[in-house]
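This report concerns only the one structure given below.
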Amino acid sequence: MSAELNTIETELSRGHLEEALDFIKEYYLLPQPERFPQLRMYTRDGYKVLNYPAQDKTGEWTVDVEITARQPFQVKLTPSRPDIQEVVNRLSEEVFIAIQYFEDLIRQSTLYFAWVEGKEIIPEKPPTQRKKTSFKIFGSNLLLIYLLFFGVNIVLFLLLGMYAAVAAILGVQLVIVLLSDRILDKTADWTITPENPRVHILEYQLPVEDFKEFQKKFGKDEVLKMKNEIYQRSLAQGQEPTCDLGEDIFQKYGFHCQAEEKVSKVVDVYRIVETAAMKFGIPMPRIAVSNTMIANAAATGPSPSRGLVLITTGLLVQLEEDEILAVLGHEMGHLAGRDPLILFTIISLEFILRFTLLLPLVILSPIVYLIVALGFIFFVAKFFETRADLLSAMKIGQPQVLARALRKIGYQRLQAERISPTRAPSWLNFDPHPPIYFRIDRLERMKTPLDVKRPLLKSARDVFDGFKRSLGIK
């Protein structure tokens with residue numbers, strides 16, 4: 001049978017590439033002997049290779065899988081039958097997820113330093129703060145607004161009475177939406193401008209013990225001094241910061257760096273955002289960067305002319321430039337579609353109905369009402385997230401690249417959805433995003449160029465179809 005060859009880009013060093021195969025063998029293959037009965041590890045042309053057959057429990061099919069530890073990883077899958085492409089896709093995705101897990105482990109012992117020319121020098125927020133910081137910066141605006149004003153509602157109703165309180169709450173919500181770009185800007189660390197368009201990043205993949213030694217030896221103040229010295233000897237003099245310069249500074253402070261991999265990276269963020277805005281035909285949004293190793297992006301603003309895009313350094317580290325562009329295309333889709341204002345209108349309409357036509361239901365069972373209302377709002381919000389994916393595919397023209405970026409950013413959620421006994425709950429949670437498996441599958445099926453007359457209607461239909469399939473309805 002013909003083989004399928006895939007590649008997986010990573011940040012890993014040569015030594016870590018080989019360690020990744022050991023990780024896959026120990027934590028993915030050996031715990032499942034009924035699926036992977038035979039494992040072989042050998043060297044070919046100087047590269048370590050992991051080979052194993054994946055088999056059906058009934059013996060009806062097998063897929064020979066071969067993973068070569070090179071940059072990028074080479075994954076070769078040879079099925080015994082031509083009609084099991086879905087199986088091949090699933091096995092390929094499992095390998096991808098396993099490599100992402102290993103790469104995330106390596107990030108836990110990687111030193112990152114990032115700068116923007118002419119901007120304040122600040123420390124990086126490490127991945128260990130991921131959940132807390134991610135919710136703070138990128139938690140759903142819908143959920144935050146809804147829960148925040150649920151508490152404020154009670155206070156205002158007690159102070160002002162029903163009608164005055166409703167008017168006051170809607171007014172405050174509108175002000176927040178109109179100022180959303182400025183509010184999000186306040187959470188960022190740097191502003192990207194045409195004069196200072198680039199983010200400079202140094203990475204050092206350290207052995208775990210060396211990383212622990214660095215953390216134990218140097219506190220926040222010493223690290224800031226190191227960053228400042230690197231800046232003064234490079235960017236302040238019009239030169240790019242280099243890994244060798246960073247090592248010189250480390251040695252000055254008494255730390256000998258034995259990095260497995262050293263990476264010096266420069267990302268012209270302004271140019272990438274400008275490219276995305278031009279493809280969408282909207283005004284150039286303001287650009288803010290949050291210096292955290294969480295990979296994410298967000299966009300907000302009351303209109304395309306008042307848009308703001310927030311990007312993390314983690315996104316710039318983890319993704320390639322074409323992937324960053326595709327992700328920004330998703331964010332531009334929100335701005336071009338005026339999604340913040342539309343979602344505000346939906347929330348406001350529910351709020352008004354809650355205290356007028358639907359008030360008897362609220363009084364009858366307030367908790368049940370809130371659960372149903374929240375579920376409805378977040379389900380409708382999935383239409384707009386799905387449309388943003390579609391608009392990125394249409395305007396940027398790289399749906400498969402966006403799918404690849406989503407796999408990298410959301411591999412943990414993807415794995416959780418895969419092992420769940422049913423996929424329906426992932427459609428009903430209080431999250432404006434559809435399940436990531438649905439987004440990836442949908443993007444990978446798209447053929448460019450795309451010309452969809454009514455993107456929102458098309459996206460709503462796709463969401464309903466995906467939800468029905470999760471329930472086993474064809």
**Study point:** Identity of the residue in segment 198-232, touching a Lys or Arg at 6+ places or on another chain (Cβ under 8 Å) and hydrophobic (A, V, I, L, M, F, W, C), that ends up nearest to L17 (Cα to Cα)
**Key:** L202
**Study point:** Of all residues making up segment 56-83, the number that are surrounded by fewer than 15 Cβ atoms within 10 Å (Cβ to Cβ) and either touching an Asp or Glu at 6+ places or on another chain (Cβ under 7 Å) or assigned to a strand (DSSP E or B) (or both)
**Key:** 2
Check your understanding: Do we find that R418 is assigned to a helix (DSSP H, G or I), at negative phi, out of contact with any helix residue (DSSP H, G or I) (no Cβ under 6 Å at 6 or more places or on another chain) and in contact (Cβ under 8 Å) with a residue 12 or more places away in the chain in this structure?
Key -> yes
**Study point:** Close pairs (6 angstrom Cβ cut-off, 6 or more residues apart or separate chains): closer than 11 Å to S2 by Cα and of a type in the set (V, I, T) in segment 66-85, part of a strand (DSSP E or B) and open to solvent by 10 Å² or more (accessible area, probe 1.4 Å) anywhere
**Key:** T78/D64
Review point. Restricting the search to segment 184-220, which residues are in a loop (DSSP other than H, G, I, E, B) and free of Cβ contacts under 8 Å to residues at least 12 places away in the same chain?
Key: G219
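Would you say I24 is under 24 Å from E261 (Cα atoms), open to solvent by less than 30 Å² (accessible area, probe 1.4 Å) and touching a Leu at 6+ places or on another chain (Cβ under 7 Å)? Don't jump to the end; show me each part of the working.
Numbers: under 24 Å from E261 (Cα atoms): yes; open to solvent by less than 30 Å² (accessible area, probe 1.4 Å): yes; touching a Leu at 6+ places or on another chain (Cβ under 7 Å): yes.
In short, yes.
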Exercise for review: Please note which helices (runs of 4 or more DSSP H) are completely contained in segment 356-410 and include at least 2 residues that are open to solvent by 10 Å² or more (accessible area, probe 1.4 Å), free of Cβ contacts under 8 Å to residues at least 40 places away in the same chain and not hydroxyl-bearing (S, T, Y).
Suggested key: 359-364, 366-395
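Restricting to segment 426-442, count the residues that are open to solvent by 30 Å² or more (accessible area, probe 1.4 Å) and either of a type in the set (F, W, Y) or not in a helix (DSSP H, G or I) (or both).
Going residue by residue through segment 426-442, those that are open to solvent by 30 Å² or more (accessible area, probe 1.4 Å) are 428-431, 433, 441.
Next, only the ones that are either of a type in the set (F, W, Y) or not in a helix (DSSP H, G or I) (or both) stay: 429-431, 433.
Total satisfying the criteria: 4.
Based on what the data block shows, is P53 part of a loop (DSSP other than H, G, I, E, B) and surrounded by fewer than 18 Cβ atoms within 10 Å (Cβ to Cβ)? Lay out the reasoning, then the answer.
On the way: part of a loop (DSSP other than H, G, I, E, B): no; surrounded by fewer than 18 Cβ atoms within 10 Å (Cβ to Cβ): yes.
No.
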Check your understanding: Out of (1) of a type in the set (V, I, T); (2) over 22 Å from D189 (Cα atoms); (3) under 24 Å from the mean Cα position of the chain (by Cα), the odd one out for V266 is which?
Key -> (2)
**Study point:** Residue list for segment 438-474, filter: among the hydroxyl-bearing types (S, T, Y) and modelled with pLDDT of 95 or more
**Key:** S459
Revision key, fill the gap. Of the residues in segment 86-114 that are more than 17 Å from the chain's Cα centre (by Cα) and among the polar types (S, T, N, Q), the one that is surrounded by the fewest Cβ atoms within 10 Å (Cβ to Cβ) is Q108
Study note, to complete from the structure: Condition set assigned to a helix (DSSP H, G or I) and β-branched (V, I, T), scope segment 84-108, selection farthest from Y47 (Cα to Cα): answer is V87
Practice item. Give segment 226-247 a look and list any residue that's charged (D, E, K, R), part of a helix (DSSP H, G or I) and surrounded by 14 or more Cβ atoms within 10 Å (Cβ to Cβ), or say none. Key: K227, E229, E247
Check your understanding: Can you find a residue in segment 443-452 that is open to solvent by less than 20 Å² (accessible area, probe 1.4 Å), touching a residue at least 12 places away in the same chain (Cβ under 8 Å) and closer than 17 Å to V380 by Cβ?
Key -> no
Review point. Can you pull out the strands (runs of 3 or more DSSP E) entirely within segment 250-350 that have at least 1 residues that are open to solvent by 40 Å² or more (accessible area, probe 1.4 Å) and not small (G, A, S)?
Key: 261-268, 286-290
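The values are calculated or read from the model by the stated rules, or taken from the named source; none is laboratory data. The structure displayed is predicted, hence computed values, not measured ones. A quick note on method: Cβ atoms are made from the backbone with ideal geometry, for glycine too, and the neighbour counts reach across all protein chains shown. For accessibility, only protein heavy atoms count, side chains too; no ligands or nucleic acids. Shrake-Rupley method; radii C 1.70, N 1.55, O 1.52, S 1.80 Å.
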